[in-house]
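I have placed the structure first, in the form of structure tokens, so that the comments after it can refer back to it.
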Amino acid sequence: MNIEQARFNMIEQQIRPWDVLNPVVLDLLKQIKREDFVPDAYRTLAFVDMEIPLGHGANMLSPKLEARILQELAVVKTDVILEVGTGSSYLTALLAALGKYVYSVDIVAEFKTAAKAKLKSQSLRNITLETGDAAKGWSRHGKYDVIVLTGSTPILPETFINDLNPGGRLFAITGDAPAMTAQLVHCVAPGAYRTITLFETCVPPLKNALQPERFVF
């Protein structure tokens, strides 16, 4: 397989058609090699438009969704970022390349161990990897400029919204399968927020995600 041709095709045939046109994002996808973060058994599928299984019920997000998340969050060099769900750590690396600092937390300790080795090889030092249950919030580092949930949640916990700095952005996929929506929440002023519905999608939920009250008859 010609890896660079496959990467080019991924960008031109999957990512651009999904309205990801930000040159900073597109250039970054060329610089940080996605195949280095894919499990060895699926390496040949690194550029395919699919979610790649990671084990423990988690998937690596599709290339176009990773790229769209980056574009919507509009990360800048002063941003302190919280990522809930380290997973493959590819999105972690992309966020770290754009922002000031990334706190990435996953409930699966194995993902943290694998991520540590992968990110070290990328010479990225502005990342703290943590193991824990952050499905309902992770306030230990104060407020953040960017928060991204890499798994879905039926209900978005208010903790995440409250942990945004003014000007901060939060990306989350909410709802139950198969009807989920990607949302971007802006903190437009202290205590004031604006939510934009971006698109429909469906990804596995975060472990222990907040559930709505469900009536049993």
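Look at the range 104-117 and say how many of its residues are surrounded by 20 or more Cβ atoms within 10 Å (Cβ to Cβ) and touching a residue at least 40 places away in the same chain (Cβ under 8 Å).
Going through the range 104-117 one residue at a time, the tally reaches 2.
Across the range 162-195, which residue is surrounded by the fewest Cβ atoms within 10 Å (Cβ to Cβ) among those that are under 17 Å from the mean Cα position of the chain (by Cα) and of a type in the set (A, V, I, L, M)?
Among residues in the range 162-195 that are under 17 Å from the mean Cα position of the chain (by Cα) and of a type in the set (A, V, I, L, M), the one surrounded by the fewest Cβ atoms within 10 Å (Cβ to Cβ) is L184.
Identify, from the list V20, V48, V25, the residue that is farther than 20 Å from V102 by Cα, hydrophobic (A, V, I, L, M, F, W, C) and within 17 Å of the chain's Cα centre (by Cα).
V20
Just give me the residues in the range 135-159 being touching a residue at least 60 places away in the same chain (Cβ under 8 Å) and under 12 Å from V84 (Cβ atoms), in sequence order.
Within the range 135-159, A135, K136, Y144, V146, I147, V148, L149, T150, G151 meet the criteria.
Check whether at least one residue in the range 55-68 is more than 30 Å from N165 (Cβ to Cβ), touching a residue at least 40 places away in the same chain (Cβ under 8 Å) and outside any strand (DSSP E or B), and report yes or no.
The answer is yes; a qualifying residue exists.
Identify all residues within the range 130-151 that are buried (at least 20 other Cβ atoms within 10 Å of the Cβ) and under 21 Å from P39 (Cβ atoms); write none if there are none.
T150, G151, listed by residue number.
Looking at the structure I just gave you, is V48 buried (at least 22 other Cβ atoms within 10 Å of the Cβ), of a type in the set (A, V, I, L, M, F, W, C) and outside any helix (DSSP H, G or I)?
No: the conditions fail for V48.
Values quoted throughout were computed directly from the atomic coordinates according to the rules given, and no laboratory measurement underlies them. Just so it is clear, the structure is predicted and the values come from calculations on it, not from any experiment. Heads up, the Cβs are rebuilt from the backbone with ideal geometry, glycines too, and the neighbour counts pull from every protein chain shown.
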